[in-house]
Amino acid sequence: MFLSQLMRQSGASASAARNLWRKSENPFISTPQAWLTDLEQVEEKKRGIIDLHPDVFRVAPRLDILHRNLTWQKVYRNVQMTKMLTKAEMPGGGRKPWPQKKTGRAHVGSIRQPEFIHGGFANGVRGPRTWFYMLPDAIRLQGLCVALTLKHAQDDLHIVENMQDLQNGDPKFWQDLCESRNWGYSVLMIDDSDVISGGLAEAQEQLAWLNCMPVYGLNCYSIIKYDTVVLSKNALEKIEQRLLQHLHRAKPLNLKYRYQDYKEKILNESRAEENPNMPPIV
């Protein structure tokens, strides 16, 4: 009753119920919902209510699993290239600084020993060193569901009908739109396509706090980094489809990932990138 009154006051039309795949029949699990809006004008105009899958947007808030995902994303690409030279690798002669005996001084065999200036390092860093490891698929899937659940519970997850071919590309329009809808200081737009056209693409190039991302790039770090996450309706359906497909797949979720199997792919992933302004960093 309250929901129908609220929709009549806002001028929204009731949306058709979505067919949620493998939705639990447990009466104690409620179906989360979200408003469906558009990006055509500054004022928010609600188009209807859209149902969200409870297995994706209503899971237990496991902050420990979310922390594991965030830590993994921060360190698994790091490669330490520092290599501190030992006594034998230091350039220059390694002469004996003074005689072995009858000087009253300590026995020293080379001026490149660690206690001397310009000497080698005894226990230095010996790179290259990698922190590569892969989380199990179950942890990564649950981490995404926890991040989406937290954003929806905090009212920082919004659904729009379309992001493509929008008319207005003025940055002031998008700044007023986000301020009027209380979308926070940074906004992440997620669409099912990796090519954004129209006004959103023009504004995104000029606004540092507005970013766009395809569905296949969705990750826990980006979801938590941005204050507000905006999904298109097609992106929502694809996210639920892919997450539910992997959550209910027959293959095991604890596959083993070894660095030696992915070493060549990681080191060569930026070989084809040739950008003079933003050179690739491995």
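The values are calculated or read from the model by the stated rules, or taken from the named source; none is laboratory data. Computed from a prediction, not measured in an experiment: that's the story for all the values here. Backbone-built Cβ (ideal geometry, glycine too); neighbour counts: all protein chains shown. Keep in mind that these areas ignore ligands, DNA and RNA; they rest on the heavy atoms of the full protein, side chains included. Shrake-Rupley method; radii C 1.70, N 1.55, O 1.52, S 1.80 Å.
Going by what's in this entry, would Lys225 be described as open to solvent by 100 Å² or more (accessible area, probe 1.4 Å), modelled with pLDDT of 95 or more, within 21 Å of the chain's Cα centre (by Cα) and under 22 Å from Leu144 (Cβ atoms)? In short, yes. Taking residues in region 17-45 that are within 30 Å of Asp165 (Cβ to Cβ), and partners anywhere that are open to solvent by 60 Å² or more (accessible area, probe 1.4 Å), the pairs with Cβ atoms closer than 6 Å and at least 6 places apart or on different chains are Pro32/Arg58; Leu36/Arg47; Thr37/Glu44; Asp38/Glu161; Val42/Ser180.
Selection of region 177-200 for residues being open to solvent by 50 Å² or more (accessible area, probe 1.4 Å) and more than 23 Å from the chain's Cα centre (by Cα) yields Glu179, Ser180.
Look at region 39-49 and say how many of its residues are open to solvent by less than 30 Å² (accessible area, probe 1.4 Å) and more than 25 Å from the chain's Cα centre (by Cα).
Counting residues in region 39-49 that are open to solvent by less than 30 Å² (accessible area, probe 1.4 Å) and more than 25 Å from the chain's Cα centre (by Cα) gives 2.
Among the residues of region 51-67, is any touching a residue at least 24 places away in the same chain (Cβ under 8 Å) and in contact with an Asp or Glu (Cβ under 7 Å, 6 or more places away or on another chain)?
Here is the first cut: in region 51-67, the ones touching a residue at least 24 places away in the same chain (Cβ under 8 Å) are 51-63, 65-66.
Add one more test, that the residue is in contact with an Asp or Glu (Cβ under 7 Å, 6 or more places away or on another chain), and what stays is 53, 56.
Yes, because at least one residue in region 51-67 is touching a residue at least 24 places away in the same chain (Cβ under 8 Å) and in contact with an Asp or Glu (Cβ under 7 Å, 6 or more places away or on another chain).
The C-beta contact set for region 206-225 (first residue in the same structural domain as Val146 (by TED's automatic domain parsing) and more than 16 Å from Met163 (Cβ to Cβ), second residue open to solvent by 40 Å² or more (accessible area, probe 1.4 Å) and not in a helix (DSSP H, G or I), distance under 7 angstrom, 6+ apart or interchain) comprises Trp209/Tyr185. The set of residues from region 17-46 being out of contact with any Ser or Thr (no Cβ under 6 Å at 6 or more places or on another chain), outside any strand (DSSP E or B) and under 25 Å from Arg181 (Cα atoms) comprises Thr31, Pro32, Asp38, Leu39, Glu40, Gln41, Glu43, Lys45.
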